[in-house]
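Chemist: Attaching a single structure in structure tokens format; questions to follow.
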Amino acid sequence: MIQRIQTVYFIIVMLLLSALLSGVEIFGFTANKGYFAYSVYGVQFAKTAQGKVENIQGSVLFYFVILFVLFIYYAMMSYKNLKKQFRLARLVFWIYAAGLIAILVTASLGVLVPSAVGIQLGIGYYMAVVGLPFTYFALKGVQKDKEILESLDRLR
């Protein structure tokens, strides 16, 4: 199983998403009152004058990331049934792309922090974006294996 390239790509995506669970900042919002940081745990407010940090709102993104990593693991481990793995890999790609677009739209529209003046992209955003091509490469690897198996079936 590890000799298949899509397994390596799935592992890379799982590691990148799991790194988001360490609390790295996805977006940073500057406001008149201070600085807001958005991670998978929600929005935190930091007053620059007092150095005080407080949680403003929680996020369901934490649970989504955990469930999505488990779903990627399930897709990776269903290598014995290539049709099922292909469907799951395609679903992983589209859910990942929709999730990235949803996070970007909600942050850029100011839904998370209405009083934000500016937005800064954090390292967590770049880690999430880097995972998208790897999901595509995993999908193409599964598709290639499926085509090879179908061509062998035609020869029999």
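The values are calculated or read from the model by the stated rules, or taken from the named source; none is laboratory data. Nothing here was measured: the structure is a model prediction, and the numbers come from that model. Counting neighbours? That spans all protein chains shown, and the Cβs are built from the backbone with ideal geometry, glycine included.
Chemist: If I go through region 103-142 residue by residue, how many of them are modelled with pLDDT of 90 or more and out of contact with any Leu (no Cβ under 9 Å at 6 or more places or on another chain)?
Modeler: The qualifying residues number 10.
Chemist: State which residue is surrounded by the most Cβ atoms within 10 Å (Cβ to Cβ) when the search covers only region 32-51 and only residues that are over 20 Å from Leu121 (Cβ atoms) and modelled with pLDDT of 65 or more.
Modeler: Among those that are over 20 Å from Leu121 (Cβ atoms) and modelled with pLDDT of 65 or more, it is Lys33.
Chemist: Quick one: is Gln120 within 20 Å of Val43 (Cα to Cα) and surrounded by fewer than 17 Cβ atoms within 10 Å (Cβ to Cβ)?
Modeler: Yes.
Chemist: Something else about it: Examine region 62-74 for a residue that is over 15 Å from Met14 (Cβ atoms) and at pLDDT 85 or above, and state whether such a residue exists.
Modeler: yes
Chemist: With respect to Ser115, is the statement that it is touching a helix residue (DSSP H, G or I) at 6+ places or on another chain (Cβ under 7 Å) and not basic (Lys, Arg) true?
Modeler: Working: touching a helix residue (DSSP H, G or I) at 6+ places or on another chain (Cβ under 7 Å): no; not basic (Lys, Arg): yes.
No: the conditions fail for Ser115.
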